[in-house]
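Enquirer: Sharing a structure with you now.
FYI, it's all coordinate maths here, none of it is from the lab. These numbers come from a predicted model, not from an experiment. FYI the Cβ positions are ideal-geometry reconstructions off the backbone, even for glycines, and counts take in every protein chain you see.
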Amino acid sequence: MINPSKRLAILISGRGSNMEAFISAIEQQQLHAEVGCVISNKPAALGLEAAQAAGIVTQCIDHTRFATRHTFDTALADALESYQPDLVVLAGFMRILTEGFVERFSGRLINIHPSLLPKYPGLNTHQRALQANEREAGATVHYVTPELDGGPPILQARVAIEANDDATSLASRILPLEHAIYPVAAQLHLSGRLTLRGNQAVFDGEALPSTGLDWQRDQHRLFL
Ligand code: GRF
């Protein structure tokens, strides 16, 4: 087995299915890294149990115990730094991070968002796409910048919206795509093919468009 020299830190708040996708991508040697820690801001996050079962170090930093967003973010950043992560992965981490936190991990902080960014940042993305009569929906991996869900997209996967779709059916078709694309985006970053320069995602030396790479269309570019 390849000795993983790269280390991930994964932040969760809930069920942690994207985190589990990282664990299995590592097991299947599609992602050459180790998970140094999984940190949750919620003690009851189900994903903590799954991480522990996989033998991963877990920590809970309960945001309700901090008086301000700033003190929570500082404690979180200090804890993360102690694991010396090459990449910090937000995987259903439901806290808005302060600019200070984001700047501290700038260029090594990624998120997955369940919409085709730049459309529908924020919450209730599938419902909003349906209400707007969109023809397609999807998910986007992006670098995190201080603007909420506004950092440069890296990789998107899209699905067609069917006439009888509701938010639940859409989410159930999109989630497996999230699990497919997120570890791939992380591997592209860890291998050095993908970087953040200023406010721009750069892939193989080329500035990516505002929607990033496309999972279906750009397969030949992702896996060389
Ligand atoms: C995913 O839909 C992700 O896109 C969003 O929150 C959800 C997290 O799910 N940011 P899980 O905790 O990874 O199962």
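Enquirer: Cβ neighbours within 10 Å, averaged per peptide: list 120-130, 139-149 in order, most packed at the top.
Expert: Top to bottom by mean Cβ count within 10 Å: 139-149, 120-130.
Enquirer: Can you check what the Kirkwood hydrodynamic radius comes to for the stretch 47-123, Cα pairs only, in Å to one decimal?
Expert: 14.1
Enquirer: What share of the DSSP beta bridges in the stretch 7-222 is antiparallel, in percent to the nearest 5?
Expert: The antiparallel fraction comes to roughly 50 percent.
Enquirer: Subtract the Cα-Cα distance of Ala180 and Gln216 from 0.36 nm times their separation in residues, and report this length gain in nm to one decimal.
Expert: Going from the current span to full extension adds 11.8 nm.
Enquirer: Each label point is 7 Å from the Cα along the Cα-to-Cβ direction; what then is the distance between the points at Glu49 and Gln131, in nm?
Expert: 3.4
Enquirer: Per residue of the chain, what 222 nm ellipticity follows from adding -39500 (n - 2.57) for every DSSP H run with n ≥ 4, rounded to the nearest 500?
Expert: Computed ellipticity for the chain at 222 nm equals -10000 deg cm²/dmol.
Enquirer: Can you tell me the order of 94-107, 156-169 when each peptide is scored by its average per-residue count of other Cβ atoms within 10 angstrom, highest first?
Expert: 94-107, 156-169
Enquirer: Per q in 0.12, 0.14 Å⁻¹, report the Debye log10 I(q)/I(0) for the chain, using one uniform scatterer on each alpha carbon and no solvent.
Expert: -0.62, -0.86
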